[in-house]
Amino acid sequence: MPRRNYAKRILFLGRGWDEWDRRNEPAAKQQPAAKRSKTRRFGTALSFCALFFAGLALSAGAGNGVRALLDNGPSQQAGAGATGATGPTGATGASGAVDAQQAPLVQAQRLARAQVKQPQGLSVRPSAMPSAGRTVQPSSSSRWAVKRSTTRHAHRIAVVKTPAHHHGARTHSSGKKQPLDAEADLPGSTVWLYRAAPDPTPPASRLSIRFARELVADSRQAHVDWTLVLAVLQARGHSSRTPATQVATRALALKLATLGGRKNGWAAALSYSSDTSFADHVVALRHYYRAVGMASLVHGLLSQKRDLEDRVLNDSRLLIYPGGRNDVASHKVDVRVLATMLYLADTFHEVTVSCLISGHKLYARPGVISAHIYGRAVDVAALNGISIYGHQQPGGITEQGVRSLLMLPGSMLPAQIISLLGLGGPSFPLANHYDHIHVGF
């Protein structure tokens, strides 16, 4: 192994004074860069934007100027030629000469301007074109110029026509849509006029007070119901204010009493006329008179509307849903509907009303508002405790109810009696009335 040289180590240790400049100096602290102010940034951005828009405006102006020169150059030459042809210098003047190669271009531009000035739907006549004798065969450059000019003017015409088309379309679409009408434009249409209806019992058909008093007195004396005596008179066609004299009324009451009118009105009417249809009519009229009362027959139904409303609300035979009771209490239900409900209650002893106004939709069919909305209709769901649903067979409870409604007096006859059965007159079937009878006025 080589010897260690201690002399060199001692020599290097003695040179510490000569290496003072090689010592590590402390690192200088880095100072943060100064932040640029927002005002300076905004000013720089604004300057660049101004330069950009200035250049854009300059280029647009230069383009418009070049295009104006291209459009006006040939027309100015054509105007100069025309002036020379009519001026004192004549056609031989230097200013009046027109280049033969520019003639087709001038004619094409004139044709395009004439098409722009003319209204839509009109075209330039062929006579506006130059004659065959003056036509000069153009060169290839002239043909290209004519084609380019014609295309440019055709594009202008399309641009001019397009705004008018869109304006008309916008005007058409901005109009309000017409509301649904009651089929008024259809052939054989049905128009429903919902207006204030007159009293179902006009003054000409009301009973006189004197006859009413005599009728009640004679019927009580014969021990029969006055409604049976009046029903027989009305069924025989006596519908004036005084259907019969006092003597005839008393004799009829006594005869009905002897025929069993005290117990069975239908049997008494059948024995009186020997006609079942007459007896059915008499019984129906009797139920109606008992439902509305003598005061309604003398003074009219409208005068007794409040009394009929109270009777409907307090009649235990009428089963009405809460919304329907509120409709009656709010005086919204037509008096004919009130009388019909009381009539059915007197005929079948129990009636379930499923709909009056509340709970029914607005339209019965597209464009026709339902009569329920005006309080002029009632839906019957059950008669005498028997549901209409599942009992619309011939001879069932539904047919009995429809027949009873058809035998109401003429002024009280409904306009709509809808179920699954059609018995003629205002009665007709609809498939969606499988669970109720609709009675509308």
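The values are calculated or read from the model by the stated rules, or taken from the named source; none is laboratory data. Since the structure is predicted, the reported quantities are computational estimates derived from the model, not experimental observations. Note: ideal-geometry Cβ built from the backbone for every residue, glycine included; neighbour counts use all protein chains shown.
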- Task: Kindly indicate which of Lys361, Lys332 is over 23 Å from Leu430 (Cα atoms) and basic (Lys, Arg).
- Result: Lys332
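Run down Val312, Val378, Val335 and say which single residue is at pLDDT 95 or above and closer than 21 Å to Gly422 by Cβ. Talk me through it step by step, then tell me what you get.
Details: Val312 fails: closer than 21 Å to Gly422 by Cβ; Val335 fails: closer than 21 Å to Gly422 by Cβ.
Exactly one of Val312, Val378, Val335 is at pLDDT 95 or above and closer than 21 Å to Gly422 by Cβ, namely Val378.
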- Message: Just to check your reading of the model, which residue among Ala269, Ala248 is over 24 Å from Ser208 (Cβ atoms) and not polar (S, T, N, Q)?
- Response: Ala269
- What's the number of the condition Arg241 fails, among (1) in contact with a helix residue (DSSP H, G or I) (Cβ under 6 Å, 6 or more places away or on another chain); (2) farther than 27 Å from Ala345 by Cβ? (1)
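Residues are listed down the side, and each one gets a yes or a no for (1) closer than 21 Å to Tyr289 by Cα; (2) in a loop (DSSP other than H, G, I, E, B); (3) among the basic types (Lys, Arg); (4) without any contact (Cβ under 8 Å) to a residue 40 or more places away in the chain:
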{"position": "Ala339", "(1), (2), (3), (4)": "yes, no, no, no"}
{"position": "Thr347", "(1), (2), (3), (4)": "yes, no, no, no"}
{"position": "Ser354", "(1), (2), (3), (4)": "no, no, no, no"}
{"position": "Ala381", "(1), (2), (3), (4)": "no, no, no, no"}
{"position": "His391", "(1), (2), (3), (4)": "no, yes, no, yes"}
{"position": "Ala431", "(1), (2), (3), (4)": "no, yes, no, yes"}
{"position": "Tyr434", "(1), (2), (3), (4)": "no, yes, no, no"}
- List every residue pair whose Cβ atoms sit under 9 Å apart, with the two residues 6 or more apart in sequence or on different chains, where the first one lies in the range 197-213 and is at pLDDT 95 or above and in a helix (DSSP H, G or I) and the second, anywhere, is hydroxyl-bearing (Ser, Thr, Tyr) and buried (at least 17 other Cβ atoms within 10 Å of the Cβ). Phe211/Thr249
- Take the residues in the range 39-80 that are charged (D, E, K, R) and surrounded by 10 or more Cβ atoms within 10 Å (Cβ to Cβ), then tell me which one is modelled with the highest pLDDT. Arg41
